[in-house]
Amino acid sequence: MRPFPTMDDAPLTRDSLNGQAYARLCRDLKAGRFAPGEKLKLRDLAAEMGISPTPVREALARLISEQALEQVGHHSVRVPVMDEARFAEVCELRLLLEGRAAAHAADHATGADVRRLEALHEDMAAQREAGDAAAELLAAERFHMEVYALARMPVLQRMVEGLWLQCGPLMRALQTHALAQPRKQHPHHLVLRGLRKGDGELARKGIEDEIERTAAPILAYLRERAGEPEPAARRRARATA
C-alpha cells in the first residue's frame, strides 16, 4: 500500500495563492490525507506547494473558522479528533443534505455525466484492487462531489463540502475496520442507476446506503480511540463481514 500522497508536484502560480492553497488543503482533508489529531506544519505545507507561508497561513485560518481544523496553543494547527456525538450529528446532516443533492442531481444528469461518473467509480474500484488507499479515497471524493455538483444547488453543495472537510480524516478507518455487512454491490451503482433513469429517490437511497454502511467502522474506530469497548454484536458482525 502506497503512503498517502503529498500535494501536487507543480508549484502554484502567484494568481490567487490564498484560494489555491485553501482548495488544495480542502481536497486533501476531504480525501483523508490527514489523520485525526495530526498536526499540520505550516512551512512543510508551503514547501510542498512551492509558495511562501503567508497564503498557507491564511488558508489554515479559514479552515479553523470552518471547524475543519483547530488551533492548539499559539503556533500549532491540527486535525480535530471527533467524538462519537459529533460524528452522529455529522452523519445525520450528511444523510439529509447529500441525499437531497443526489435526488436533485437525477433531474439534471445527462448520459455524458453518468458515463463520467461511471469512469470515476471504475477508477476507484481499480485503486482498491491495487491496494492504493490514498488514490481510492481521492476517486471516491471526486465521485461524490461531481454528483452533488449536478444538483445545481451551490449553497447546498457548499454545506456538503463543509461536512466532508470534517469527516474526511475519519475515512482512513475504512482501511482498518471492515464494513458491518458484506458488500454485495457498491452503493455507487444504485446512485448511477438513479441518475441514468432520472429517479431521484433511487439516487438518494444509494447515497444514504453508503453513508450508513460506512458509519459502523468509523464508529468502531472512534470508540477505540476513546478507549471504549466495542459492542459484542457489532464485533461479531465485523468478524463475519
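Read-outs: derived from the displayed coordinates by stated rules, not from any lab. Everything numeric in this text was worked out from a predicted model, so none of it was measured. All Cβ positions, glycine included, derive from the backbone under ideal geometry; neighbour counts span all protein chains shown.
Please work out whether region 17-78 counts as rounded, prolate or oblate from its C-alpha gyration tensor, where a ≥ b ≥ c are the square roots of the eigenvalues and a/c under 1.5 means rounded, while otherwise a/b larger than b/c means prolate and anything else oblate? Rounded is the answer for region 17-78, as its axis ratio a/c remains below 1.5. The alpha-carbon of Lys197 sits under 20 angstrom from the alpha-carbons of these aspartates and glutamates, leaving out residues fewer than 8 places away in its chain: Glu98, Asp107, Asp113, Glu118, Glu122, Glu146, Glu208, Asp209, Glu210. Sorting Leu45, Leu156 by the number of Cβ atoms found within 10 Å of their own Cβ, with the fewest placed first, yields Leu156, Leu45.
When a/c reaches 1.5 or more, the comparison of a/b and b/c decides; with that in mind, is the chain rounded, prolate or oblate per its Cα gyration tensor?
On the way: a/c = 1.70, a/b = 1.20, b/c = 1.41.
Oblate is the answer for the chain, as a/c is 1.5 or above yet b/c matches or exceeds a/b.
Of Met82, Met159, Met49, the sequence from fewest to most neighbouring Cβ atoms within 10 angstrom is Met159, Met82, Met49. Loop-located GluC sites (Glu not before Pro) across region 22-76 with a Cβ neighbour count of 15 or fewer within 10 Å are Glu38, Glu66, with loop assigned by DSSP. Percent of Cα pairs in region 106-213 per distance bin of 5 Å, from zero to the largest separation: 2, 11, 21, 26, 22, 12, 5, 0.
Arrange Arg43, Arg27 by Cβ neighbour counts within 10 Å, fewest through most, would you? Intermediate values should be presented prior to the final figure.
On the way: Arg43 10, Arg27 18.
Final ranking by Cβ density, sparse to dense: Arg43, Arg27.
For Leu40, the residues 5 or more places off, or on other chains, whose built amide H falls under 5 Å of its own are Val77, Arg78, Val79.
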